[in-house]
Amino acid sequence: MRSKRTELFVGCFIVLGILAFVYLAVQVSGLAFSGKKDTYQVVARFDDIGGLTSRAKVTIAGVEVGSVESIAFDKELYMGLVTMNIDSNVANIPEDSSIAILTSGLLGEKYLGITIGAEDENLVDGSEIYDTQSALVLETLISQFLFKSDDSED
Amino acid sequence: MKTVASLGAWFLSWLEAVGRAGIFLAQSVFRLPVRFNESVNLLIKQLYSVGVLSLVIVVVSGAFIGMVLALQGYSILAKFGSEEAVGQLLALALLRELAPVVTALLFAGRAGSSLTAEIGLMKATEQLSSFEMMGVDPLRRVIAPRFIAGVICLPLLSLIFSATGIIGGLVVSVGWLGVHDGAFWSLMQQSVYFDADIVNGFIKALCFSVAVTWIAVYQGYECVPTSEGIGKATTRTVVLGSLAILALDFVLTAAMFGDF
């Protein structure tokens with residue numbers, strides 16, 4: 001014996017649960033349903049990646065144009081190898097552009113910033129950015145500052 | 001010598017109970033239903049009494065917990081000048097921990113206890129034996145729909161808890177305390193990952209739902225069929241259910257978020 005009322009309530013309950021799930025997925029985690037975006041891969045080698053993580057954003061002029069795909073250790077050169085996906089709409093990045101690991105805010109997350117170069121040739125899928133600037137590590141900065149101030153006292 | 005023997009006896013009886021509960025679960029769930037249509041009817045009835053009737057307590061407590069989290073988080077974060085991060089705090093705390101755990105605890109108290117009492121009373125009034133007399137398997141007819149309904153309802157309730165908690169926190173922090181809403185959402189979306197946070201929270205809720213409902217129906221089915229026995233079984237459901245949730249939560253958290 002099932003009444004229409006019970007069925008209706010159960011149906012509403014399940015719809016509510018699914019709605020909550022969609023709300024959490026879209027609004028809270030910012031999941032995009034647009035599928036995989038068209039991207040091309042670029043690599044860069046850094047002396048010190050200092051806390052950069054995969055999925056960190058890649059920016060030009062502060063605007064997000066891609067994300068870090070993976071971070072690996074290049075054992076021949078003893079450097080950090082960062083592979084990133086850049087949006088195919090942004091296909092006009094000059095080959096001699098430089099890339100730096102930046103920090104949003106004082107203690108915020110690390111991200112990559114590309115500074116545009118002057119070459120006519122553009123970066124394509126699989127090319128490498130050679131002009132890299134490593135992350136600022138606070139300890140290195142402090143020790144540089146200490147040694148500098150010692151030198152000036154002499 | 002006697003102490004060691006009694007320890008052994010206790011362990012063996014514990015092991016026996018666990019084994020019995022496992023066989024009981026397997027028998028009630030993995031047997032195919034006699035008539036599909038009838039078992040759907042039974043399931044819908046249980047979904048109503050286990051899920052829909054738990055909705056009010058889950059929504060109200062979710063909203064209040066979200067509001068309290070927002071207030072507490074704001075007062076501390078404002079000292080560091082980063083009150084926008086309250087959205088991040090809210091979403092991560094709710095999705096990873098509070099929604100599955102608190103919903104499961106509420107569920108153990110609200111739905112688990114009533115399942116135990118209902119099945120226990122059926123046993124005390126010999127309804128279960130009369131089912132058997134009529135050739136109807138009580139495990140299939142009484143236990144299975146209740147167990148499946150519990151397993152379906154708790155994850156859904158946990159999702160609803162998260163959503164209402166975040167809305168409650170939004171009302172307090174953006175509406176009342178004046179946090180900038182753009183920063184609230186963007187910081188939240190930056191730090192919440194769909195697979196790591198939402199899916200893991202859902203898996204947690206699913207594990208809790210199996211544990212709590214299993215304990216509830218087993219305690220009801222195995223209770224001493226007297227009024228005192230039913231009372232004891234109901235208490236055991238809530239106590240054991242809550243302990244199981246908290247212990248499982250530690251194990252699951254260590255497995256999901258332990259590798260920093």
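When we measure straight from the Cα of B:K232, which lysines land under 16 angstrom away, once same-chain ones fewer than 8 places off are left out?
Within reach: B:K123.
Mind pulling the per residue volume of the convex hull built on the Cα atoms of chain B? Å³ is fine.
It comes to 173 Å³ per residue, whole-number rounded.
Looking at chain B as a GNM with Cα springs under 10 Å, which of B:F24, B:F11, B:F131 has the largest mean-square fluctuation?
In the Gaussian network model the winner is B:F11.
What spacing in nm lies between the two simple spin-label points modelled at A:R5 and A:T83, each 7 Å away from Cα in the Cβ direction?
Spacing of the two 7 Å Cα→Cβ label points: 6.1 nm.
If the viscosity is 1.567 mPa s and the temperature 4 °C, what Stokes-Einstein diffusion coefficient in µm²/s follows for segment B:84-159 when Rh is the Kirkwood radius over Cα pairs?
88 µm²/s
Once a ≥ b ≥ c are taken as the square roots of the eigenvalues of the Cα gyration tensor of segment B:95-210, is the result rounded (a/c under 1.5), prolate (a/b larger than b/c) or oblate (a/b not larger than b/c)?
prolate
Kirkwood hydrodynamic radius (Cα pairs, Å) of segment A:65-145?
For segment A:65-145, inverting the mean 1/r across all distinct Cα pairs yields 14.3 Å.
For peptide A:8-20, what's the mean number of Cβ atoms from other chains within 10 Å of each residue's Cβ?
Going residue by residue through A:8-20 and averaging, the value is 6.
From largest to smallest, what semi-axes in whole angstrom does segment B:1-144 give when each is the square root of 5 times an eigenvalue of its alpha carbon gyration tensor?
After scaling each eigenvalue by five and taking roots: 42, 26, 13 Å.
Shielding of B:159-166 by partners, i.e. mean partner chain Cβ atoms within 10 Å per residue?
Taking all residues of B:159-166 together, the mean is 5.
So what's the angle, to the nearest 10 degrees on a 0 to 90 scale, between helix A:4-23 and the longest Cα principal axis of chain A?
10 degrees
Can you list the lysines whose alpha carbon sits under 20 Å from that of A:K110, skipping same-chain ones fewer than 8 residues off?
Here the lysines satisfying the reach criterion relative to A:K110 are A:K57.
Between B:V60 and A:E121, what's the calculated FRET efficiency when r is the beta-carbon distance and R0 is 60 Å? Round to 0.05.
Step by step, r from the Cβ atoms, then E = 0.45.
With a 10 Å cut-off between alpha carbons and a GNM built on chain B, which of B:L12, B:L157, B:L128 moves the most?
B:L12
Less than 11 Å Cβ to Cβ from B:F184, Lys/Arg counted +1 and Asp/Glu -1: what total charge do the surrounding residues give?
Net of charged neighbours comes to -3.
Suppose a student asked you for the relative contact order of chain A, using Cα pairs under 8 Å spaced at least 6 residues apart; what percent would you report?
Relative CO of chain A lands at 24 percent.
If you scale each eigenvalue of the Cα gyration tensor by 5 and take the root, what three semi-axes come out for the protein assembly as shown, rounded to whole angstrom and sorted largest first?
So the three semi-axes of the protein assembly as shown are 54, 25, 22 Å.
Other chains near B:80-93: what is the mean number of their Cβ atoms within 10 Å of each residue's Cβ?
Taking all residues of B:80-93 together, the mean is 1.
Highest GNM mean-square fluctuation, chain A, Cα pairs closer than 10 Å: which of A:V26, A:V124, A:V43?
Result for chain A, Cα springs under 10 Å: A:V26 fluctuates most.
What is the sum of charges, Lys and Arg at +1 and Asp and Glu at -1, for the other residues whose Cβ falls under 13 Å from the Cβ of B:E97?
Summing Lys/Arg as +1 and Asp/Glu as -1 gives 0.
Which shape class applies to segment B:1-60: rounded if a/c is under 1.5, otherwise prolate when a/b exceeds b/c and oblate if not, where a ≥ b ≥ c are the square roots of the Cα gyration tensor eigenvalues?
The shape class here is oblate.
Any idea what the dipole of chain B comes to, in debye rounded to 20, about its Cα centre with Lys/Arg Cβ at +1 and Asp/Glu Cβ at -1?
In total the dipole reaches around 620 debye.
Dipole magnitude of segment B:1-131 about its Cα centre, charges +1 at Lys/Arg Cβ and -1 at Asp/Glu Cβ only, in debye to the nearest 20?
Value, rounded to 20: 320 debye.
Beyond 28 Å, what share of the Cα-Cα pairs of chain A is found? Please give it as a whole percent.
For chain A, the fraction of Cα-Cα distances above 28 Å is 42 percent.
Which listed residue (B:F64, B:L89, B:S28) has the Cα farthest towards the positive end of the charge dipole for segment B:27-118, taking +1 on Lys and Arg C-beta and -1 on Asp and Glu C-beta about the Cα centre?
B:S28
What nm distance separates the two modelled labels at A:Q133 and A:L19, each placed 7 Å from Cα along Cα→Cβ?
5.0 nm
If I take every Cα pair under 8 Å that is 6 or more residues apart in chain B, average their sequence separation and divide by the length, what percent do I get for the relative contact order?
Relative contact order, chain B: 32 percent.
Based on the mean of other beta carbon atoms within 10 Å per residue, what is the order of A:70-79, A:89-98, most packed first?
A:89-98, A:70-79
Within straight cross-link reach of A:K4, meaning Cα distance under 19 Å, which aspartates and glutamates are found once same-chain residues fewer than 8 apart are removed?
Cα-Cα hits under 19 Å: B:E38.
Bear in mind that the values in this text are calculations on the coordinates, not laboratory data. Given the structure is predicted, the values throughout are model-derived calculations rather than measurements. All Cβ positions, even for glycine, are placed from backbone atoms using ideal geometry, and neighbour counts span all protein chains on display.
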